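Everything below concerns the one structure shown next.
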Amino acid sequence: MRRHNDSSSFEARPQKPRKPRKPKPRNERGQQASGKSARHRRRLSSARLWRRCKRAVRRFFTSFISPLGWTVVVIGIVCAAGFPLVRWHELLAIAAVALMMILCAIVLSLGNTGFKASIAVSRRRVTVGDDVHVTVDIDNPGRTPTTTARGDLPLGEAHERFGIPMLAPGQSKQTDIEFTTVSRAVLTVGPLNIRKGDPFGLVRHEKALAERITVYIHPNIARLNTLNAGVARDLEGQPSGQIVDDDLDFYGLREYEPGDDVRNVHWLSSAKTGTLMIRQYEATRRTDTSMTLDVNPQDYVSQEEFEMAVSVHASLGVQCLKQDRPLQTHAGSAHDTPKFPMGFLDDCSAITPRTDDNPNLVESTLRHSPDSSFYFFTVGSLKQLDHIKRMVLALPKSATCLVLQTSPGDVRAIKHFTDFTLATVGSLDDLPLIMEVLA
């Protein structure tokens, strides 16, 4: 066949014009997505609102209704359910009265309690017998007036209750509370509890405001003079301020006096001055101190005697810390190495009697401070002397041991034994005199 090379046969055919597409709005998908997200948000908000309602109802029935209120509710339900069975109109009357009481209690417990409160104390560290001032400031930070309420401020185991009047927006009320400390303790002040409820005590609305403040009530202590007891002429000792003729820490020179040891003559200075000069030293003592308090109430006649033992323990510890003596304290299961007198007194405020305390005080003491040079033991009057003698046999022979036995009303006395010294403390005022003799 013959092919025709006609160029017209290769020309492009004219295309039919396309119908213009109707442009879709650009935000159609966005509108669909936004519609879905809006519905999702509505469902989430509805679910959240439902959860909040259930939580509020559950909180109301578990927190706001008191046990007495639940008793009234149960009695009302039982009487209302029993009326159709027995047809006793008395049951219907009881159910109606219970319902009215609950409704009235709910209405009376309503009101704005959006208070803001703060607590301040005059001093956080006091001594037994001191006065403590507590200031409670209550403000209304909102834009609507608050309702009347009751304030309950815990003071340790006691409670101080006072009324809170209606406060206008921005108005505040200050309440001052003053009390005298009567015993050693770690006292917790606050938080302030705001209570709103009905007079019957069926429904209550309560919330805690302000932070809890800790007040330390320290025991009474006796002021002591410088304690110089310890291991004398020790390389690791500290200068005691006492000038002696024979020790390790050179202090100065003095003129010869009859009876002085010739070995202490400083010949070079004697040759220069033409007079015999004697060396003087400052006494050094290693005074690593361990103090143990017997906290077993069976060793004390009364609570007053136990408090006196704590005061004796605290007085010795404060004096040791004032002299920068290394100190380790033991009271029952509490073992500490205090550095400052105030922190040590805070620990003394928390000491409590323990019937499970180890009667062998030396055993627990040596477990925590075996290398001390001076051991103090404060025990009660019911601690037997034979038990004390057996107890101190385990102490190192190079250490000094002093046992202070409290016995209120007795005459102070000091007895020296082979391994220890026993001092009877009749009152806290006897302690400076006893330590003056022993130190």
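Read-outs throughout are calculated quantities, based only on the coordinates presented, and are distinct from any laboratory measurement. Remember, it's a predicted structure, so these values are computed and weren't measured experimentally. Here the Cβ is made from the backbone with ideal geometry for all residues, glycine too, and neighbour counts use every protein chain on show.
Spacing of the modelled spin labels on D260 and V411, each 7 Å from Cα toward Cβ, amounts to 4.4 nm. Residue-wise HN-Hα couplings along region 121-127, as the Karplus relation 6.51 cos²θ - 1.76 cosθ + 1.60 with θ = phi - 60° gives them from phi, are 10, 5, 9, 9, 9, 10, 10 Hz; Gly and Pro carry x. Peptides 151-161, 366-376 ordered by packing proxy, namely the average of other Cβ atoms within 10 Å per residue, highest first: 366-376, 151-161.
When the pairs K322/K415; K173/K196; K339/K397; K383/K415; K389/K415 are compared against a 19 Å limit on Cα-Cα distance, K322/K415; K339/K397 fall above it. Under the simplified labelling scheme, the A96-L110 pair shows an inter-label distance of 2.3 nm, with each label point 7 Å from Cα along Cα→Cβ. Each residue of region 193-206 is assigned a 3J(HN,Hα), and the resulting list reads 9, 9, 10, 9, x, 8, x, 7, x, 7, 10, 9, 10, 9 Hz, derived from the Karplus form 6.51 cos²θ - 1.76 cosθ + 1.60 (θ = phi - 60°), x at Gly and Pro. If R0 is taken as 56 Å, the Cβ-Cβ distance between W50 and K322 corresponds to a FRET efficiency of 0.25.
What length, rounded to one decimal in nm, is gained on full extension from R42 through to T355, with 0.36 nm per residue of separation minus their alpha-carbon distance?
Length gained between R42 and T355: 106.3 nm.
Taking every alpha-carbon pair within region 289-438, the share separated by more than 26 Å comes to 15 percent.
Near K207, the amide H atoms lying under 5 Å from its own belong to I194; only residues 5 or more places off or on other chains count, and H is placed 1.01 Å from N. Quote the FRET efficiency, to the nearest 0.05, computed for T188 versus D371 with a Förster distance R0 of 60 Å and r equal to the Cβ-Cβ distance. Given R0 = 60 Å and the Cβ-Cβ separation, E is 0.95. With a simple spin-label model that places each label point 7 Å from the Cα along the Cα-to-Cβ direction, the separation between R125 and E206 comes to 3.4 nm. Name the chymotrypsin sites (Phe, Trp or Tyr not before Pro) in region 122-204 that are in a loop by DSSP and that have at most 15 other C-beta atoms within 10 Å, would you? Answer in residue order: F200.
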